[in-house]
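Q: Handing you a structure now.
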């Protein structure tokens, strides 16, 4: 007969404590070496230096104290995650075999008491060594005179933050253990869950970028590795800047602490789910990959969908094809194979081809085909979506035409090009499916008035349908002001030239440089503008015809390289800079830039004449150039 109801059993606790001595000893040694011993080593060196030089480093020592625990926080998060997994697997290890599970549950201890005792034991394994080590590190700092109110507070906050993270990972691991009964499957599924969200997003984005014409591989999320990927997010984002904490406002030093209550709430939810599942758990499911029947079809379908998509992406990249029929065939074939392999693991039997499972596999296949067909046929309208003019603040296009447009006329032109590509997408999409087809590329990024961005990237194969689009792009790229903006930044002509360098090379490869004065630089700038204005428009060279075009064209002789120093008070940004429109304000902090011009005999007559006039380039008669600096 069972004893009276109790939430904690001392006998089970002692058994866990004595049996798990190796685990909690390893955790304790890690924290001791990382915190008090590490802090002691750093402070000893600093104190010795301070005594030998007579320099007072009180603030620097405080910063080192804070950095001693917060600096390696990224590493600690990974330790928290794996230590929590090992502790959970140890305290609930009896659930992995039917014999141990039945034996444990024959004792006069209720399931809720077993759960609470094991849960508390696991948390003590994690939290006690961590907390004691942090306090010992604080005591070590006090012996070296490195402790202040800020240091104490930062350590207490570290203990609280680390405790929340440990509780979250441990609760998550315990919850996984309630649904998974196989000792080898637990760590695999635990790690999968830690990366499931961003993994699925990445998989969906990559597949959409191949199946859908023009979509980028980050169309669903502008920033990955969010809070639903805890191992990465916590390691990268929850931290403190020791320098800010000591020298500036203490409150400003902490980053993303506001997410910790959310993780604690998630830990409570995981624990409640684990308790509910444990109370109704069938002991005969010990050793099963999935112990809850309603979860098996979800696991079966999820594994088949994700794995088949990965296989299809891998094989399509190996064969350089974006053919939808090829990808769908791989998805269906590999998906069915994975479907029945997973079923075999779930049943622990090779007798899996029952009528019920065959019917389910047919439903699975139809559902997957419907989803992929809807994606390919653009049922959601992702391919043909273009922002309306009234919502566009700016637009950036890159490819044969590199331009950042803020004026309505230029925005309208780029949007019209985008519209033409979308109208021809059916033909272009089929042609682009062949990786071997010669193509040009265009990327269009819109900055909308609500502060968001909208981006598409197109592979435009050389074809009859694409010819008018490619010609318009090329012709616009030959406009004088468009070409000059590629040299002097997006705010040309609102720029000031204030100096530069004239560079030539000798036959032996050595470089000669002459510094150009501000007055001379302004004259050379005007000469270059004249060259661009007088330049004959170049004929568009089709993709794949570069070698033929080079053979038919006499190579222009390079005279030298002119580098002009440019100041743009609005922010010097080149159209070639690989920064998004949202990052432009940050880039505006850089006001100075450099326009690099290759001076050629055929295309830069005005610049060459001005270089000779100013004495930077020898005249044909052989007169001397300016002295080289």
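The values are calculated or read from the model by the stated rules, or taken from the named source; none is laboratory data. Everything numeric here is computed off the predicted structure, so don't read it as measured data. Every residue, glycine among them, receives a Cβ derived from its backbone with ideal geometry; neighbour counts consider all protein chains shown.
Q: Taking into account only those residues within region 314-327 that are surrounded by 18 or more Cβ atoms within 10 Å (Cβ to Cβ) and assigned to a helix (DSSP H, G or I), which is nearest to the chain's Cα centre (by Cα)? If you could, list the steps in order and put the result at the bottom.
A: Step one: of region 314-327, the residues surrounded by 18 or more Cβ atoms within 10 Å (Cβ to Cβ) are 316, 322, 324, 327.
Now narrow it down to the ones that are assigned to a helix (DSSP H, G or I): 316, 324, 327.
Numbers: 316: 23, 324: 27, 327: 26 Å.
Going through the qualifying residues, I end up with 316.
Q: Let me ask another. Of all residues in region 145-171 being crowded, with 24+ Cβ neighbours inside 10 Å and more than 15 Å from residue 79 (Cβ to Cβ), which is modelled with the highest pLDDT?
A: 171
Q: Also, I was wondering about something else. Given (1) in contact with a helix residue (DSSP H, G or I) (Cβ under 8 Å, 6 or more places away or on another chain); (2) assigned to a strand (DSSP E or B), where does residue 531 come up short, assuming only one miss?
A: Result: residue 531 fails condition (2) only.
Q: For residue 11, indicate whether it is touching a helix residue (DSSP H, G or I) at 6+ places or on another chain (Cβ under 6 Å) and either in a helix (DSSP H, G or I) or at pLDDT 80 or above (or both). Spell out the reasoning first.
A: Details: touching a helix residue (DSSP H, G or I) at 6+ places or on another chain (Cβ under 6 Å): no; either in a helix (DSSP H, G or I) or at pLDDT 80 or above (or both): yes.
In short, no.
Q: Does at least one position in region 320-329 carry a residue that is closer than 30 Å to residue 160 by Cβ and in contact with a helix residue (DSSP H, G or I) (Cβ under 8 Å, 6 or more places away or on another chain)?
A: Within region 320-329, the subset closer than 30 Å to residue 160 by Cβ is none.
No, region 320-329 contains no residue that is closer than 30 Å to residue 160 by Cβ and in contact with a helix residue (DSSP H, G or I) (Cβ under 8 Å, 6 or more places away or on another chain).
Q: Taking interchain pairs and intrachain pairs at least six residues apart, which have beta carbon atoms under 8 angstrom, with the first residue in region 127-138 and within 17 Å of residue 24 (Cα to Cα) and the second not in a helix (DSSP H, G or I)?
A: Pairs found: 133/35; 134/35.
Q: While we're looking at this one, here's another question. State yes or no: is residue 245 surrounded by 17 or more Cβ atoms within 10 Å (Cβ to Cβ), part of a helix (DSSP H, G or I), modelled with pLDDT under 90 and not assigned by TED's automatic domain parsing to the domain that holds residue 442?
A: Details: surrounded by 17 or more Cβ atoms within 10 Å (Cβ to Cβ): yes; part of a helix (DSSP H, G or I): yes; modelled with pLDDT under 90: yes; not assigned by TED's automatic domain parsing to the domain that holds residue 442: yes.
Yes, satisfied.
Q: For residue 47, state whether it is over 38 Å from the mean Cα position of the chain (by Cα) and either closer than 30 Å to residue 280 by Cα or at pLDDT 85 or above (or both).
A: In short, no.
Q: Could you tell me whether region 52-71 includes any residue that is outside any helix (DSSP H, G or I), within 40 Å of the chain's Cα centre (by Cα) and assigned by TED's automatic domain parsing to the domain that holds residue 179? Please lay out each step first, then the result.
A: Here is the first cut: in region 52-71, the residues outside any helix (DSSP H, G or I) are 54-57, 71.
Filter again for within 40 Å of the chain's Cα centre (by Cα), leaving 57, 71.
Pick out the ones that are also assigned by TED's automatic domain parsing to the domain that holds residue 179 and you get 57, 71.
Yes, that holds for at least one residue.
Q: Still on this structure, please answer the following. Out of contact with any strand residue (DSSP E or B) (no Cβ under 6 Å at 6 or more places or on another chain) and closer than 27 Å to residue 103 by Cα: which single residue out of 294, 301 fits that description?
A: Checking each option against the conditions leaves just 294.
Q: Could you please find all residues in region 413-453 being in contact with a helix residue (DSSP H, G or I) (Cβ under 9 Å, 6 or more places away or on another chain), assigned to a strand (DSSP E or B) and either under 26 Å from residue 325 (Cα atoms) or at pLDDT 90 or above (or both)?
A: Once the filter is applied, which keeps residues that are in contact with a helix residue (DSSP H, G or I) (Cβ under 9 Å, 6 or more places away or on another chain), assigned to a strand (DSSP E or B) and either under 26 Å from residue 325 (Cα atoms) or at pLDDT 90 or above (or both), region 413-453 yields 439, 440, 442, 444, 445, 446, 447, 448.
Q: Taking only region 286-305 into account, find how many residues are surrounded by fewer than 18 Cβ atoms within 10 Å (Cβ to Cβ) and in contact (Cβ under 8 Å) with a residue 60 or more places away in the chain.
A: At the first step, the residues of region 286-305 found to be surrounded by fewer than 18 Cβ atoms within 10 Å (Cβ to Cβ) are 287, 293-298, 302.
Then drop every residue that is not in contact (Cβ under 8 Å) with a residue 60 or more places away in the chain, which leaves 287, 295, 297.
The total comes to 3.
Q: Kindly evaluate residue 335 against the criterion of being out of contact with any helix residue (DSSP H, G or I) (no Cβ under 9 Å at 6 or more places or on another chain) and not assigned by TED's automatic domain parsing to the domain that holds residue 443. Even if it seems obvious, please write down each step before you answer.
A: Numbers: out of contact with any helix residue (DSSP H, G or I) (no Cβ under 9 Å at 6 or more places or on another chain): no; not assigned by TED's automatic domain parsing to the domain that holds residue 443: yes.
No: the conditions fail for residue 335.
Q: With the requirement that a residue be over 30 Å from the mean Cα position of the chain (by Cα) and closer than 17 Å to residue 260 by Cα, what does region 156-199 give you?
A: Selection gives 156 alone.
Q: Shifting gears a bit: Is it true that residue 120 is under 29 Å from residue 192 (Cβ atoms), surrounded by 15 or more Cβ atoms within 10 Å (Cβ to Cβ) and in the same structural domain as residue 42 (by TED's automatic domain parsing)?
A: Details: under 29 Å from residue 192 (Cβ atoms): yes; surrounded by 15 or more Cβ atoms within 10 Å (Cβ to Cβ): yes; in the same structural domain as residue 42 (by TED's automatic domain parsing): yes.
Yes; evaluated as a whole, the condition is true for this residue.
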